[in-house]
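The values are calculated or read from the model by the stated rules, or taken from the named source; none is laboratory data. The model shown is predicted, which means the values in this text are computed figures rather than measured ones. Virtual Cβ from ideal backbone geometry, glycine too; neighbours counted across all protein chains shown. Ligands, DNA and RNA are excluded from the accessible area calculation, which covers all protein heavy atoms including side chains. Shrake-Rupley method; radii C 1.70, N 1.55, O 1.52, S 1.80 Å.
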There are 2 protein chains.
Amino acid sequence: MVVRSLEHPERDAITIDGVLSALADPVRRSIVSQLADGHSEQACIAFDLPVTKSTSTHHFRVLREAGVITQRYRGTAIHNGLRREDLDWRFPGLLDSVLMAG
Amino acid sequence: MVVRSLEHPERDAITIDGVLSALADPVRRSIVSQLADGHSEQACIAFDLPVTKSTSTHHFRVLREAGVITQRYRGTAIHNGLRREDLDWRFPGLLDSVLMAG
């Protein structure tokens, strides 16, 4: 069985440029905010987003490549998780201040 | 005498998208960081930046339009100031967490 996996930056390789760019978009902040609101692992399809599937796929990828979220295959679905611990370690207070901003 | 003035967004019109985008650049964060380090008003020419004058002019404008800095004419020079109070009011903790990230 082939387990497909998606690339994630190591914690130390997460950059402030990447994180700020990733969060500078309302759809991506909505994804992060929904993950922060207690959905520790959530399939892409379960998010409430005002965009097409292909657009949302793009936004999830930007977040993953910036180190903001994890994406793991569960069967054919992709489940997403917030890298809160990694972000808080790299940039203390940043995630919370952005989440507060809405 | 004509006093030229530059446009600044009102405090309430400062958006999180604009601020995060503006700060997602190392040269712009360097400007903000130099202003935060005690230079409350500083002429563009006085910044230590690794870019050409026209590039730095662009970066200053992005910061002003996002509501991160003020720019005021003093004679023929433009002086820059950090809108710390406005930013802290709009997005508590954000500026400090970004400044800490370097």
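General observations
- Of all accessible heavy-atom area on segment A:1-64, the percent that carbon and sulfur account for (1.4 Å): 53
- Put a plus charge on the Cβ of each Lys and Arg, a minus charge on the Cβ of each Asp and Glu, and nothing anywhere else: the dipole of chain A about its Cα centre is then about 360 debye.
- Cα pair distances in chain A, grouped into 10 Å bins until the bin that holds the longest one, percent each: 15, 52, 28, 4, 0
- Dipole of segment B:11-101, positive direction: furthest Cα of B:Ser56, B:Ala66, B:Leu35, with charges on the beta-carbon: B:Ser56
- Take the accessible area of A alone and of B alone, subtract that of the pair with a 1.4 Å probe, and the total buried over both chains is about 1200 Å².
- Helix content alone sets the calculated 222 nm mean residue ellipticity of chain A: runs of n ≥ 4 DSSP H residues at -39500 (n - 2.57) each, divided across all residues, give -13500 deg cm²/dmol.
- Sites count as exposed loop sites when they are GluC sites (Glu not before Pro), lie in a DSSP loop, and have at most 10 other Cβ atoms within 10 angstrom; the longest stretch of chain B without one is B:11-102.
- Dimensions in Å of the protein assembly as shown - Rg and Dmax from alpha carbons: 19.2, 78
- For A:Leu63, neighbours were defined as the other residues whose beta-carbon sits under 11 Å from its Cβ, and their charges (Lys and Arg +1, Asp and Glu -1) total +3.
- Listed residue (B:His8, B:Gly93, B:His79) projecting farthest to the positive dipole end of chain B, Cβ model: B:His79
- Across the identical copies, how the B:Leu6 labels are spaced - nm, sorted shortest first, 7 Å along Cα→Cβ: 4.0
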